1. Could you list, in sequence order, all residues of segment 41-71 that are closer than 21 Å to VAL143 by Cα and either touching a Gly at 6+ places or on another chain (Cβ under 6 Å) or open to solvent by 30 Å² or more (accessible area, probe 1.4 Å) (or both)?
2. Evaluate the following for VAL96: is it among the aliphatic types (A, V, I, L, M) and either in contact with a Gly (Cβ under 9 Å, 6 or more places away or on another chain) or open to solvent by 50 Å² or more (accessible area, probe 1.4 Å) (or both)?
3. Mind checking whether some residue in segment 78-87 is under 17 Å from the mean Cα position of the chain (by Cα), small (Gly, Ala, Ser) and within 30 Å of THR37 (Cα to Cα)?
4. Select, from ASN89, ASN121, the only residue that is out of contact with any Gly (no Cβ under 6 Å at 6 or more places or on another chain), more than 16 Å from LEU136 (Cα to Cα) and open to solvent by 60 Å² or more (accessible area, probe 1.4 Å).
5. Among the residues of segment 99-143, what is the count of those that are part of a strand (DSSP E or B), more than 13 Å from the chain's Cα centre (by Cα) and among the aliphatic types (A, V, I, L, M)?
6. Looking at ILE107, ILE92, ILE71, which one is at pLDDT 90 or above and aliphatic (A, V, I, L, M)?
Amino acid sequence: MIYIYKDKYSRNIFHFAISLDAKEQNLLSYIDKNRRTIRENEYFYDNFLRKDVISMKTQHHEEEYSDEEAIEKYWRGESYMQNLFLEFNREISLHVISNALEGKDFIKTEKDHILIYEVKNSPISSLEVTQTNIKLNINQDKVISYIPI
């Protein structure tokens, strides 16, 4: 997979570096006015290489082009990750989050025992952190596309 963001270089993401198995669940599927097939899918990962990770889930927006558009663009579609959820078997150290966000412009708030880090001008829209969970939300304005090659 290659993710391309408006303000960064493309980078490879290999989910199997964390998890050996995945299951897919379709949340939504329809054909839009441009004859693109639109899907919202969740992927559930297990059998982790890291023993401190007990759960991982990602949600993706996927668009499959019409045949005419695929010929014009030289690929069949695009997608991007909307969010990533990780659950750990031990408490998350908040200094790790602070170190990762060092130098970034962000606002930290708390709501219903969830720490929310809203990051400005970043591919990360926000982080939602509890004692053992992290949910990373992608800033959709910064995503250009993911193209399977």
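1. Those that are closer than 21 Å to VAL143 by Cα and either touching a Gly at 6+ places or on another chain (Cβ under 6 Å) or open to solvent by 30 Å² or more (accessible area, probe 1.4 Å) (or both): TYR43, LYS57, GLN59, GLU62, GLU63, GLU64, TYR65, GLU69.
2. For VAL96, the condition - among the aliphatic types (A, V, I, L, M) and either in contact with a Gly (Cβ under 9 Å, 6 or more places away or on another chain) or open to solvent by 50 Å² or more (accessible area, probe 1.4 Å) (or both) - is met.
3. Yes, there is a match, as at least one residue in segment 78-87 is under 17 Å from the mean Cα position of the chain (by Cα), small (Gly, Ala, Ser) and within 30 Å of THR37 (Cα to Cα).
4. Exactly one of ASN89, ASN121 is out of contact with any Gly (no Cβ under 6 Å at 6 or more places or on another chain), more than 16 Å from LEU136 (Cα to Cα) and open to solvent by 60 Å² or more (accessible area, probe 1.4 Å), namely ASN89.
5. Number of matching residues: 6.
6. The unique qualifying residue is ILE107.
The rows are residues; the columns are (1) touching a helix residue (DSSP H, G or I) at 6+ places or on another chain (Cβ under 7 Å); (2) more than 30 Å from THR37 (Cα to Cα).
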{"site": "ALA100", "(1), (2)": "no, yes"}
{"site": "GLU110", "(1), (2)": "no, yes"}
{"site": "GLU118", "(1), (2)": "no, yes"}
{"site": "LEU127", "(1), (2)": "yes, no"}
{"site": "LYS135", "(1), (2)": "no, no"}
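The values are calculated or read from the model by the stated rules, or taken from the named source; none is laboratory data. These figures come from a predicted structure and were not determined experimentally. Cβ coordinates were reconstructed from backbone atoms using ideal geometry, including for glycine residues, and neighbour counts include every protein chain displayed. Ligands, DNA and RNA are stripped out before the accessible areas are found, and what is left, the full protein with its side chains, is counted by its heavy atoms. Shrake-Rupley method; radii C 1.70, N 1.55, O 1.52, S 1.80 Å.
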